[in-house]
Structure formats: structure tokens, C-alpha cells
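Notes follow once the structure below has been shown.
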């Protein structure tokens, strides 16, 4: 067997990926700018082609646009594959054909080279018809955030099926889109590899260059391009950067319920639309844990009282907006009175301006921990809550957009404005468990007895 040496010396992170991918069929790589993801992907395709025992191997590199694929990857493909003896290049089709390396016998019994070739071709997602009907052994989708989801689900995934081909998704975030969904899926599927490479962690780019880029770019642009933030790209988002910081610092994780502390709830009460409820615990040192979230539509207060009763929590205060005092036309009673008749006593949130409430949320978020699973819908709402955009003026308005994010965010805002530990009940001496969200419930927990006054 002839030995082929490619002029490719992978960086440590790339070498790590080559090793990790040996046991994975699918991978999602979230990479900062200038990581070298395209060079890695092209060399992976070439190495996979050379190692394949299929003489009719087919590999594909797909970029959002065909001209983008040519500008970004074609020179790399020619440079590295050009070292392979017998490789030929088709400029019109952006394809390299590599000899299979096998031999066969002709009809006279003579040994001749196998005429079949292994091919790697570049494609553009803007021309999906060119991808229909083909088969693939290996696939690279670069800058996935700029591609439609159905390109993968309806065209490229079926192309891998009969050959049990592999797929590599690479890119830089551009919001919580299809690429983000793939990254989330990859983290929970044993057949997938998920990896994120931030510029602050890889050491690939010079610190002075990163500092200069940070000065010249907006915070959102820098977070997206160099720190791989999926949330920074949401235009006009109020809390995206703070939620990205919570994600990065590990505060969106598995947060267990602490039975030694009361659970406080914060509500946004809808009539014909959604009602949202946050379940939160206040911990020593000014930390807060959002351990649960619930939202439903078209239900009355008895439904939500039943939901609360079905959870294993000991409750403290229940915070509601000021308009809970408004009497309903049909019954002549306020929802505050109806709640009291059901055994639920609300604390009324002070009435403050929207912007003051938003500032209160910004002040509390750096001290928040969120349970990733139980609070996922509420987390998504906080991330996507944003200012309304004025299309005519080409600028943002000075008030939030009212959409699916509003109810969950308003409920959280009422907690940020209305929660006061001293108002949550009679004084009581408690044994407080140290707040350690990284330890799961039921595991070993460090406990210390302290005297602390909490109103339950």
C-alpha cells in the first residue's frame, strides 16, 4: 500500500476532532472565526476518501452558495488533494476525482487499474436540485445557520441512508436557528458529537488581536463571531447577552429543588391568552434559583391552583401583577378574590414602568441559576424578548414587542420587582443548605447549620 502524505498539520483542537470523529457518525462543531474549520473539513473528506474501501466513494462539501463554496473551499481542496498521484480536477463541477487505488482483471485476465474513482465535490445550498438523487458517504455542511432546514431533512439526510454515510455540521452561530437545534440535539444523542470552540479558550488568535476586535465590534457582534453565542445575534434582545453569560458560566444547568427553602412563584395572568408561572428559590448570598416553569392558555385559576398542588414544593410568596385587583365583568369579582377563595393568597407586585421592570430583571439575572430542563420554555422567552422594530424608520422602538415571549418575561419581571424576602411570611429560624446547583438532588451535599431569618 502506497503512503500518501498531505501537507496538513492539524492544530491541537483539529487533531482532537479527528480522533473523536472516529467513533461518531454525526458531529456539530460550533467554531469561532479563524478557527480553521474549513481546512479541517476538507482534509477530513480527503482522508475519509483515501481510507474508504469503497472505490466509488462520494463526498460532498456544501456551503450556503455555490460561489461561496468555490471561494472558501476550492483552493484548499486543490492544494491538499493535489498531492495525491493521479488526482484530477474538474473546474466546471468543482470536483476532484481520486484513483481508487485498486486493480482488477480485464476479460483477458490481465491486471489493470480499477477505472472507478473516489470523488469529492463542492455544492451550494442555493441549488438544492443539484443535490437531489445523489448518494453520499460523507457530507460537510458549512455555515449551517444560513441554510434551510429542509435541505438536510428532505435531501441530504436521505442521500446518506443506504450507504450509512456520515455528516459534519460546522459554522458560527447566527441566532437560535436550525444550527442551534442541531447543536442541542447532538449534546443528547450518543451517535452525535457536539463541540464548541470559543476564541477566549482555544488560544488560536493572539490576545491583542482579540482585544482590538472587541474594541471595534459591538458587544453582540463580538460575542457571536468570537465567543460562539447563539443569543447575541437576536436583534434588539434585552437580556440575550446576560443569558449568554449565564450559559457560559454554567448557571443554566441541572438545578435541584432544595426542600429546606420555600418556593416562591411569580405569575403573569392571562384571560384569553397564556398564563405563565415561574417557581423560584432564594438562597443565601443573594443567589436565586429558577427551578421550574409552567405556562398554559385558556385555563382558569382552579387549573393553576391544581398545578401548584401537584408539585412537591413548600410555597412561600405568590407574586401577581397589580391588575389582578381588576373585577371581571361576568362575576363582578376580581381574580385576587377568586384566588383567595381557592386558598391562594397573592402578593401584589408594585406598579412600575416597563423600563424600570426591565432594569430590575437585568439587575437580578447575574445572580440567577436556571434549571435547563424544567425552565426551558421560560429561558427561551427571556433570551428572545426584544424591542419592537420600526420597519419604516429602520430602527427599534422604545418598547418591547408583544409576542410569545411576553408572558413568561412579564412573570419574571414581576418577581424581579416584587420579591422581598422580608414580606414572604413570619420569621423563622432554618437550617440552610449550601447552594450547589452542580450536585443533583439525592447526591452527597455539603450542609452547614446557620441561623438565618427568612419570612416563609
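Read-outs: derived from the displayed coordinates by stated rules, not from any lab. What you see is a predicted model, and the numbers here were worked out from it, not measured in a lab.
Before moving on, here are some points about what is shown:
- The Rg/Rh ratio for segment 12-230 is 1.01, where Rg is the radius of gyration of the alpha carbons and Rh is the Kirkwood radius.
- Multiplying the residue separation of residue 154 and residue 322 by 0.36 nm and subtracting their alpha-carbon distance yields 55.5 nm.
- Measure of compaction for segment 151-305 (Cα Rg per 2.2 N^0.38 Å): 1.38
- Given their separation in residues at 0.36 nm each and the Cα-Cα distance between them, residue 420 and residue 306 gain 38.5 nm when the chain is fully extended.
- Alpha-carbon centroids, segment 366-388 and segment 233-257: separation in whole Å: 7 Å
- With semi-axes defined as the square roots of five times the eigenvalues of the C-alpha gyration tensor, the equivalent ellipsoid of segment 233-291 measures 22, 21, 9 Å, largest first.
- Net length gained if the chain between residue 11 and residue 372 were fully extended (0.36 nm per residue, minus Cα distance): 126.7 nm
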